[in-house]
Structures are given as C-alpha cells and as structure tokens.
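What follows is a single structure, written as structure tokens, with notes after it.
The values are calculated or read from the model by the stated rules, or taken from the named source; none is laboratory data. What you see is a predicted model, and the numbers here were worked out from it, not measured in a lab. All Cβ positions, glycine included, derive from the backbone under ideal geometry; neighbour counts span all protein chains shown.
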C-alpha cells in the first residue's frame, strides 16, 4: 500500500522558487534563515498557526490570528506586532508569491534570538522571530488514512497544555513514529483516562448510527476546522456529540474521519488493522466535506 499522510500534497514546481517572510523581509527560499541561537530552534519556544487560501481568501483568518495571539499571551511572548500587521504580512507574502488559491501558510512566532544557549526566556533580548512559510498546496490523498493507537498522550494542562499550538511537538512526533512502525500513516492518541482523543496532527471524529462523535476537547487542540464541523452538524440537523468514548466504539463505527486546516475532512479506512465501515469515505464524511467546501467557497 502507498504511504500517505494527512498533509500529503500534489507536487508543484512553483514551490521551488518561493518567497518567505522573515521579520519584515520577504526573501527567496534559499536566503530565508533564522539564527542557530533562536529560541524556536534551540528549545521549541514558540507558537504557530496554519491557514489555507481558497479562491483569494484566507479561510477563518481572524480566528487563526486570534488563537495565535492567545497562545502567545499564554506563554508570555510579545509578538511585537498588531493583529492587523500580522494579517498584512500574510497578504503581502501572498502577493509576493502571486498566490490566488490552493495555498497553505505556516505562521510561526518564536521568542527570538538568545544571547546564550540556555533555557531562561530572559536570554531572548532582541524581540520575537516571525516567519511565514507559504506554499502552493493542494491535498492529494490516494486512499483513506490508516491509523494505529499508540501509548503516547497529549500533555495535561499543567504539563504542556495541548490547547497550545506550540513549536514543542516531540510527543506528537514520537506518536507518529510509533504509528509508522506499526504500519500506519498516523497515530491515534488516547487521553489520560484512556478515552479516544486525537491523532498526532488532526482532530478525530467517528460516525455511529447517523450521529457524529468527537472527544470532549479537554485534552486536545480545539481545532478551528473541528469546531466548523461541529457547527455545520448543528446547522444541518445532524446529531453531534463532544463526549468520552473508547476504542470499542471506534472499531464498530460506521465511519471515521480527521479534521485539520490542511486536509479539511480526511477519511479513515483502518484503525489498528480493523476496517472502519467499508474502508472508504462514508456518506456522512462526504456530506460534511461538501458542506465545508460550500462554507469556505472552495
């Protein structure tokens, strides 16, 4: 079977000559660099957002920027730009790359360059590092995703709050590695009570008897696409529940799918070697995907 991922995109030669935003400058890809003393490189000290461009419009841009600033405040990081200035940086980078649709941007803010290679945040004295990587990117998924349940969990709020889009992603990377070694594409992670939670990169949903289920959201990134799917269900009289459920519920589900900014709604075909439903995109997933496309004008 072909290896796939939830971030698999069609090849696009335009990405060889990208222009990237680095601290106010828009630079050719080969010149877009940050210091080895940067807190993000050295310690994973930063926050980020992913946004998608559909037909000239950055989808849910205000919500993503709001979440970026909330996360920065939570880790006591001064972005040193207004929200409008950040939006302008996004649109300027878009214009420089002549992008109109099917693009993905990763907006990253770190605590900046440190004076010495140690942990204390006060060693970052030059202000933040702000980078926007923008690529021509159309999802290209040849088959439904295969998942494997792994022992790794998202952090507790008092350790590393999973609601932060932090640069520190090692636990999710280890989960992904474990899933790959089990022959899967991505990892399904449980919460601290053993209930189904999220994958290493996306939010997770199942469909049972015409109802859509997802986790309570207590131990996962509360994704913007996740919330839009919940909103679409409510607006279209589709029963939807944020609840605790176990692997037993998932194995016998009619459908399963993932949500995320890049892939929107990605069908799941197999979990832990067990086929979910008929192993293909189910009718509810397809309906929600169509409703989402209509919402974003894709």
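Structure values in brief
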item: Candidates 256, 235, 187 - the one that is modelled with pLDDT of 95 or more, on the phi < 0 side of the Ramachandran plot and surrounded by fewer than 17 Cβ atoms within 10 Å (Cβ to Cβ); result: 235
item: Yes/no for residue 95 being more than 23 Å from the chain's Cα centre (by Cα), closer than 30 Å to residue 297 by Cα, in the same structural domain as residue 44 (by TED's automatic domain parsing) and assigned to a helix (DSSP H, G or I); result: yes
item: Subset of segment 138-154 [buried (at least 17 other Cβ atoms within 10 Å of the Cβ) and either at pLDDT 90 or above or out of contact with any strand residue (DSSP E or B) (no Cβ under 8 Å at 6 or more places or on another chain) (or both)]; result: 144, 145, 146, 147, 148, 149, 150, 152, 153
item: Candidate set from segment 57-92 (those that are over 20 Å from the mean Cα position of the chain (by Cα) and surrounded by 15 or more Cβ atoms within 10 Å (Cβ to Cβ)); member that is farthest from residue 292 (Cα to Cα); result: 77
item: Odd one out for residue 98 among (1) on the phi > 0 side of the Ramachandran plot; (2) surrounded by 16 or more Cβ atoms within 10 Å (Cβ to Cβ); (3) out of contact with any helix residue (DSSP H, G or I) (no Cβ under 8 Å at 6 or more places or on another chain); result: (2)
item: Any chance residue 262 is in a loop (DSSP other than H, G, I, E, B) and under 20 Å from the mean Cα position of the chain (by Cα); result: yes
item: Residue list for segment 200-219, restricted to those being out of contact with any strand residue (DSSP E or B) (no Cβ under 7 Å at 6 or more places or on another chain), free of Cβ contacts under 8 Å to residues at least 60 places away in the same chain and part of a loop (DSSP other than H, G, I, E, B); result: 209, 218
item: Qualifying position, being under 14 Å from residue 50 (Cβ atoms) and either crowded, with 21+ Cβ neighbours inside 10 Å or within 15 Å of the chain's Cα centre (by Cα) (or both), among 105, 175; result: 105
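Here is a yes/no grid of residues against (1) farther than 17 Å from residue 163 by Cα; (2) buried (at least 21 other Cβ atoms within 10 Å of the Cβ):
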site: 203; (1), (2): no, yes
site: 206; (1), (2): yes, yes
site: 209; (1), (2): yes, no
site: 212; (1), (2): yes, yes
site: 221; (1), (2): no, yes
site: 226; (1), (2): no, yes
site: 242; (1), (2): no, no
site: 246; (1), (2): yes, no
